[in-house]
Each structure stands twice: as structure tokens, then as C-alpha cells.
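The values are calculated or read from the model by the stated rules, or taken from the named source; none is laboratory data. Everything numeric in this text was worked out from a predicted model, so none of it was measured. Cβ: placed from backbone, ideal geometry, glycine included. Neighbour counts: every protein chain shown. Areas reflect the complete protein model, heavy atoms only, side chains present, ligands, DNA and RNA absent. Shrake-Rupley method; radii C 1.70, N 1.55, O 1.52, S 1.80 Å.
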Amino acid sequence: MSNEAMINGQNYDAESITVLEGLEAVRKRPGMYIGTTSERGLHHLVWEIVDNSVDEALAGYCDEILVKILPDNIIEVIDNGRGIPVHIHPKYGKSALEIVMTVLHAGGKFENNNYKVSGGLHGVGISVVNALSLWVEVLVERDGRIWYQKYNRGAPEEDVKEIGVSEKHGTTVRFKPDAVIFETLVFDYTILKQRLKELAYLNKGLKITLLDLRKEPNKKDVFSFDGGIVDFIKEIVSDKDPDKDIIVKEPIFMSGDSDGVAVEVALTYTMDQAEVIYSFVNNINTHEGGTHVAGFRTALTRIINDVGKDQGYIKEKDGKLQGNDIREGVVAVVSVRVPQPQFEGQTKTKLGNSEVSGIVSSVVGADLKIYLEDNPNTTKLVVEKILMSKKAREAAQKARESVFRASPLSIGALPGKLADCASKNPDECEIYIVEGDSAGGSAKQGRNRYNQAILPLRGKILNVEKAGIHRALESDTIKSMIIAFGTNIDDNFDIGKLRYGKIIIMTDADVDGAHIRTLLLTFFYRHMVELIQNGNVYIAQPPLYKITFGKKIYYAYNDRELAEITGSFGAKEIREEPAEAAGDEDEIFAEPQAPQPEAPEKKGYTLQRYKGLGEMNPEQLWETTMDPANRILLQVSIDSAREADMLFDKLMGDKVEPRREFIEENAEFVKNLDI
């Protein structure tokens with residue numbers, strides 16, 4: 001292709017820009033366009049700009065993207081694509097660049113002759129970034145010239161103007177988010193790095209550079225993967241032992257296209273129990289899967305059954321292997337490019353195009369069959385792993401049946417340690433998973449018995465990342481949680497039967513408490529993930545300190561708050577207050593006690609460091625950690641399923657070295673470590 005053709009593109013000019021509607025409502029209701037004005041929404045602005053550049057790469061006109069974080073949290077994105085059209089639009093009498101920047105749903109993606117496929121999270125694009133920024137600058141290089149325009153809160157300062165000549169081609173967008181709109185203006189390097197690296201994996205040969213210039217030393221990462229999603233798979237399993245944990249040593253790559261739909265799939269098999277599938281449509285991470293994932297699963301089940309039987313590895317007594325058994329241990333990336341994708345929901349997390357399922361199934365089926373027939377030793381190892389999974393599933397099914405033989409909604413079937421609440425309305429009910437009987441006693445006495453249930457745990461629960469679910473179900477602690485929630489687990493999970501709208505993990509603010517939280521979250525993520533996806537899981541934040549100054553009591557939840565509170569007194573600490581022990585009374589409700597007369601006011605303050613929930617009396621636990629009017633709850637969410645998978649595997653898996661490296665890298669962030 002000639003340089004001129006790359007710059008101009010076929011029919012990509014001012015007339016290519018289609019206008020659908022205006023931009024007025026964006027600043028009034030930003031959540032409708034970017035989901036939230038929190039940190040996630042802030043980074044969404046970057047994705048909208050970068051996605052435009054990646055779409056140029058998908059169209060074959062861009063191979064380099066540079067993302068800079070400038071001082072004062074200004075973002076600059078530079079690509080070497082064709083450059084946004086700048087000439088006067090024949091219908092609207094303005095520069096096409098100004099239309100793209102100031103009119104919602106204006107762009108070159110609404111007609112197929114410019115972009116065969118395109119991403120973009122909501123299709124709202126750069127105009128929304130413009131509307132929600134304090135200012136935006138755009139510089140376009142194309143047709144041997146340079147054009148420029150600046151905007152203030154969505155409005156252009158002046159017309160698009162030519163400012164020079166250039167033999168280069170591409171677009172530079174620089175913007176400063178508006179503090180009136182966003183809760184934070186600080187861009188997180190790790191969040192940007194994760195997504196840009198993902199985009200580089202999905203677009204083989206595309207070079208993406210991330211540069212942070214906010215402070216010395218500057219941070220820089222360059223992502224470019226000639227292996228594409230095969231390299232992606234290798235990174236996902238990089239923490240595993242290649243000799244013991246990985247069955248298919250070199251990932252299997254399958255690709256093809258039909259009716260304009262391009263398919264790329266890479267997979268390997270590990271000795272893990274979990275199925276790990278990352279799916280993408282036009283570079284959009286489809287967290288909920290869709291028809292492309294369904295097509296992959298169908299082909300995987302069919303081909304392994306067929307080839308396994310043909311090669312004699314699946315015997316008649318084994319019967320037909322089920323999809324759940326076949327997918328256990330699989331790690332796959334499914335990436336498709338669809339001209340007219342139909343997504344379920346505005347957030348585009350599930351593909352709905354019915355024709356894509358058959359196309360993916362056909363591509364995967366043909367290539368996987370060839371691979372398995374050409375590599376019989378690998379086929380044998382995969383089938384042996386699947387047969388092991390089948391036996392484990394059957395054992396787990398028996399364990400589940402024993403747990404749920406009685407109705408979970410029957411009062412007699414509820415766990416003995418559970419102090420249930422009076423209300424039966426899940427929307428207003430919440431259950432506290434509490435560490436230890438002592439803290440459980442305080443929580444039972446201090447709670448609101450109408451809508452707060454308490455389930456004390458004894459010690460650490462089983463690490464389900466290492467143990468099979470059939471072993472996990474032998475644990476009374478895990479069985480108690482499952483029965484109390486009422487939802488069942490895994491394939492039998494039914495969120496419609498959830499008995500509590502909030503599941504609150506309440507553990508000590510120390511290393512042991514953090515470990516218990518991680519074990520619980522591992523179990524929820526692996527076997528009840530919809531609880532997290534649905535926003536039902538929370539972490540309570542008990543205070544670390546109680547400060548008494550005169551007749552007033554203050555609570556500090558971290559060292560910064562402690563310094564602020566004590567610094568305001570202008571007095572010194574005079575003594576360490578002894579811990580207050582809490583009893584283990586089961587259903588005795590302690591009425592709040594009137595304040596006791598205090599000793600004459602002293603010049604200093606007293607400080608108590610809470611080392612555990614059991615050191616708080618019921619009134620203190622209610623006031624600081626359980627009272628909805630005062631408490632702090634952290635909602636657990638999954639921003640990246642891939643990162644969550646890898647982190648749980650690293651922290652909770654068999655391999656020690658990755659865990660040690662993670663602890664060393666993050667030790668500086670650990671506060672209040674009890675030795």
C-alpha cells in the first residue's frame with residue numbers, strides 16, 4: 001500500500017462523518033455515558049481515545065500508539081493513523097474535526113466503508129471526553145499539513161486552523177479532566193498499564209508505549225507482541241511450573257474467518273481445577289462471554305470427545321465426557337472481530353450475534369482436530385486430566401448432595417452457630433462473617449437483630465485454590481456459609497435464593513485477619529463469583545485506635561486519621577488504655593449503657609490500639625463497625641477478571657516463589673504489621 005493511500009484511506013474524508021445527535025446532556029448526566037465519575041470513569045476517558053487509535057490499527061493504518069501521563073494529570077495520546085478528517089463537511093458547513101469533537105455519535109464508524117470493525121466501550125467516543133474535560137487540544141497531521149483546535153469544556157475556542165506542514169500522519173489528543181465532574185483526577189499507572197498491555201496482546205504487532213512524566217524517575221513500558229494472544233496465554237500461565245502444572249506446553253493457536261467475522265483463539269491445559277476463558281470482541285473485554293464463547297466451548301467438547309474416542313483414550317465405560325469436565329484446567333483467549341456486533345446491555349459485556357457461535361465453532365473445531373490428531377501424546381495427557389476431573393466432579397456432587405439434603409430455608413437446617421435476623425427480606429438483610437467466637441459474641445450482642453445476622457468462623461477456612469471442592473465441602477465452616485446464604489455453589493448457584501443482600505466479611509485488622517479475608521474471597525471468587533459480580537460482598541473496616549480526650553471518645557481507622565485527631569488536641573499521650581474484653585454470650589442482647597462518670601479531665605489523651613474485634617465491647621463494635629450511620633464498608637468488585645485470576649493463583653496456589661516475589665514487591669504498602 002502506498003504512503004498516500006495509508007494517509008488518506010479509501011473514502012475516508014469529511015463526507016465520511018455521520019452526525020446522529022448533539023452533546024448537551026453529557027455534562028449534566030456523565031454517568032449515562034461513562035458509567036461513573038469515580039476513578040473508573042476517569043480512566044474511561046483514556047480508553048475512548050485509545051480505542052479510536054486501535055480502530056485505526058484494526059483498519060490497517062496505525063502500528064504505533066503513545067500514551068503519556070503529563071504533570072498535573074494531563075493525558076496525551078498520539079497515534080500514526082490516518083488522522084481525523086479536517087476539511088469542511090458538505091452538509092454541516094464545519095470542519096469534520098470540530099464535528100467529531102463536539103457532536104455526540106459523530107464519527108466514521110457508523111458506515112462500514114470506513115471501518116470494517118471498531119471497538120469503543122459505548123460508541124460515544126471522543127466528544128464525551130471533550131464534554132467532560134476542562135480543556136482538550138487536538139493536533140492532526142495528514143495530507144502533508146498540520147491542523148489544530150482547542151476546546152474548553154466541550155466548546156471550541158476558535159475554528160480549526162492550519163499551523164504547519166508535516167510528512168507524518170496521525171492524531172494527537174491532549175486533555176485535562178474536569179474537577180467539577182470527577183471525584184478524582186489522579187490517573188493510576190497500573191490501571192493504564194494493564195489495559196494497554198492487553199490491547200497489545202490482542203493486536204499482534206501493534207506497539208503501545210506508556211510513559212509517566214509526573215515525577216522522577218519517569219516510568220515507561222513498551223508493549224508489542226509478535227505472538228499476539230499466544231504470548232497472552234504464556235503470560236497468564238507464567239507463574240506455573242511448566243513441567244508439573246502445564247499439560248500443553250506450547251499454546252495451541254487457531255484462526256480463521258467467515259462472512260467478515262475474524263476469529264483468533266489460543267488455549268493451553270493446566271492441572272488446575274478452574275476454567276479460565278478471556279473473551280474479546282473488537283478488543284472489548286466481554287466479561288460475561290456470549291455467542292463466541294459458546295461456540296468455542298461447543299467445539300472443544302465435541303472435538304475432544306471425538307478424537308479421544310478415535311485414538312482409544314476415552315473408553316466405552318467412560319461415556320461421553322461432559323463440557324464441565326473437559327473445560328476444567330483449560331486456559332483460553334477467544335478474540336473475534338465482528339462487523340456489526342450486538343451486545344447485551346450498554347456496557348457491552350456479552351456478545352449476542354447468533355451467527356458468531358457457528359463461525360467460532362467451525363474454526364476451532366477444524367484446527368483443534370488437526371492439532372490433537374498430530375499430537376497424540378498431548379491428547380492422551382489432556383484426556384487423562386479430564387478423566388481425573390470427572391472423578392473429582394462426581395465426588396464433589398456427592399458432597400454437595402450431603403450438604404443440601406435438607407432444605408437450606410428450613411430453620412432446623414440452618415447452621416447452629418448462625419444468629420439469624422428477624423427479617424426475611426433479602427434486600428434489607430445482611431450477614432456478618434465474623435472471625436472467632438469472641439468477636440462473634442460481641443457482634444451478636446451489639447447488632448440490630450431485625451436485619452443483621454452473625455456467623456462466627458472458627459479459625460482459617462480451607463484454601464480452595466489448592467484443595468478440591470469435595471474437600472472444601474468437608475469443612476463445617478464452608479458448609480455453614482453455603483447453607484446460610486441459601487444459594488448453593490458452582491453450576492447449581494442460584495442468586496435468586498440469596499437470603500442476605502449484603503455479605504460482610506468482618507475480621508481483625510492484622511495479618512491473620514487479612515489472610516482469612518483472602519481465603520473467604522478466594523472461595524467466593526472460585527465457587528460463588530456471581531456474589532461479587534452482583535455487588536453483594538463487602539469488607540467491614542473496624543477502627544485501629546480508640547482515643548479518649550477529656551470526656552470525648554474518637555476512633556481512628558488508620559494512622560493518618562490518628563495523627564489528624566491527636567494533632568488537633570495540642571496534648572501528649574499519657575498512657576496506654578488496657579484492652580476491654582468481650583464476652584461470648586450467644587443470644588443475650590446487651591442494652592446500650594449510659595456513660596459512666598469520668599475522672600477529672602487530664603491534660604493528655606489516652607490511646608487504645610485494637611488488636612482484634614474481640615477487644616471491643618458490643619456497644620463499641622456497633623458504633624464503629626456495624627451501625628449503618630457510622631460504619632465504613634468496602635464493596636468488593638472485579639475490575640479485571642484476568643488480574644483477579646492471576647492474583648488468586650499467585651497468592652493462594654502451590655508455587656511459593658511468585659508469592660514471595662509479590663510480598664517483597666508490595667511490602668512497602670503494608671501498615672500496622674503485627675509480628
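Could you say which residue among 505, 532, 516 is closer than 27 Å to residue 630 by Cα, assigned to a strand (DSSP E or B) and either of a type in the set (D, E, K, R) or in contact (Cβ under 8 Å) with a residue 40 or more places away in the chain (or both)?
Answer to the check: 505.
Looking at segment 415-435 only, could you name the residues that are surrounded by fewer than 22 Cβ atoms within 10 Å (Cβ to Cβ) and of a type in the set (D, E, K, R)?
Scanning segment 415-435 gives 417, 420, 424, 427, 428.
Taking interchain pairs and intrachain pairs at least six residues apart, which have beta carbon atoms under 6 angstrom, with the first residue in segment 361-372 and more than 18 Å from residue 311 (Cβ to Cβ) and the second assigned to a helix (DSSP H, G or I)?
361/295; 361/298; 361/299; 364/296; 364/299
Could you give me the residue pairs with C-beta distances under 6 Å whose first residue belongs to segment 231-242 and is closer than 15 Å to residue 335 by Cβ, whose second residue is open to solvent by less than 40 Å² (accessible area, probe 1.4 Å) and part of a loop (DSSP other than H, G, I, E, B) wherever it lies, and which are 6+ apart or on separate chains?
Here the result reads 231/225; 233/251, each pair linking segment 231-242 to a residue that is open to solvent by less than 40 Å² (accessible area, probe 1.4 Å) and part of a loop (DSSP other than H, G, I, E, B).
I need a count of the residues in segment 393-439 that are of a type in the set (Lys, Arg) and at pLDDT below 70.
So the answer is 2.
So which pairs qualify, if the first residue must be in segment 146-173 and in contact (Cβ under 8 Å) with a residue 24 or more places away in the chain, the second must be assigned to a loop (DSSP other than H, G, I, E, B) and open to solvent by 90 Å² or more (accessible area, probe 1.4 Å), the Cβ gap must be under 9 Å, and the two must be at least 6 apart or on different chains?
Going by the 9 Å Cβ cut-off, the qualifying pairs are 149/157; 149/159; 151/157; 153/180; 159/94; 160/94.
In segment 481-502, what residues are under 19 Å from residue 275 (Cβ atoms) and either open to solvent by 10 Å² or more (accessible area, probe 1.4 Å) or assigned to a helix (DSSP H, G or I) (or both)?
488, 490, 491, 492, 493
Would you pick out the residues in segment 199-209 that are in a loop (DSSP other than H, G, I, E, B) and open to solvent by 70 Å² or more (accessible area, probe 1.4 Å)?
If the condition is that a residue be in a loop (DSSP other than H, G, I, E, B) and open to solvent by 70 Å² or more (accessible area, probe 1.4 Å), then 204 is the only one that fits.
I'd like to know if segment 210-226 contains one or more residues that are in contact with a strand residue (DSSP E or B) (Cβ under 7 Å, 6 or more places away or on another chain), open to solvent by 10 Å² or more (accessible area, probe 1.4 Å), in contact (Cβ under 8 Å) with a residue 60 or more places away in the chain and not in a strand (DSSP E or B).
There is at least one residue in segment 210-226 that is in contact with a strand residue (DSSP E or B) (Cβ under 7 Å, 6 or more places away or on another chain), open to solvent by 10 Å² or more (accessible area, probe 1.4 Å), in contact (Cβ under 8 Å) with a residue 60 or more places away in the chain and not in a strand (DSSP E or B).
Check off (1) crowded, with 19+ Cβ neighbours inside 10 Å; (2) more than 21 Å from the chain's Cα centre (by Cα); (3) charged (D, E, K, R); (4) under 19 Å from residue 462 (Cβ atoms) for residue 512 and give me the number that stays unchecked.
So residue 512 meets the others, but not (1).
Can you pull out the strands (runs of 3 or more DSSP E) entirely within segment 230-329 that have at least 2 residues that are surrounded by fewer than 18 Cβ atoms within 10 Å (Cβ to Cβ)?
Here the list reads 252-258.
For segment 535-576, how many residues are part of a strand (DSSP E or B) and open to solvent by less than 60 Å² (accessible area, probe 1.4 Å)?
The qualifying residues number 11.
For segment 154-190, what are the residues that are among the small types (Gly, Ala, Ser), surrounded by fewer than 16 Cβ atoms within 10 Å (Cβ to Cβ) and closer than 28 Å to residue 31 by Cβ?
Once the filter is applied, which keeps residues that are among the small types (Gly, Ala, Ser), surrounded by fewer than 16 Cβ atoms within 10 Å (Cβ to Cβ) and closer than 28 Å to residue 31 by Cβ, segment 154-190 yields 155, 179.
What are the pairs with Cβ atoms under 6 angstrom where one residue, in segment 333-347, is at pLDDT below 90 and among the acidic types (Asp, Glu) and the other, located anywhere, is open to solvent by less than 40 Å² (accessible area, probe 1.4 Å) and in a loop (DSSP other than H, G, I, E, B)? Sequence gap at least six, or different chains.
344/352
Given the criteria over 24 Å from residue 506 (Cβ atoms), open to solvent by 10 Å² or more (accessible area, probe 1.4 Å), at pLDDT 80 or above and not acidic (Asp, Glu), does residue 390 qualify?
Answer is yes for this residue.
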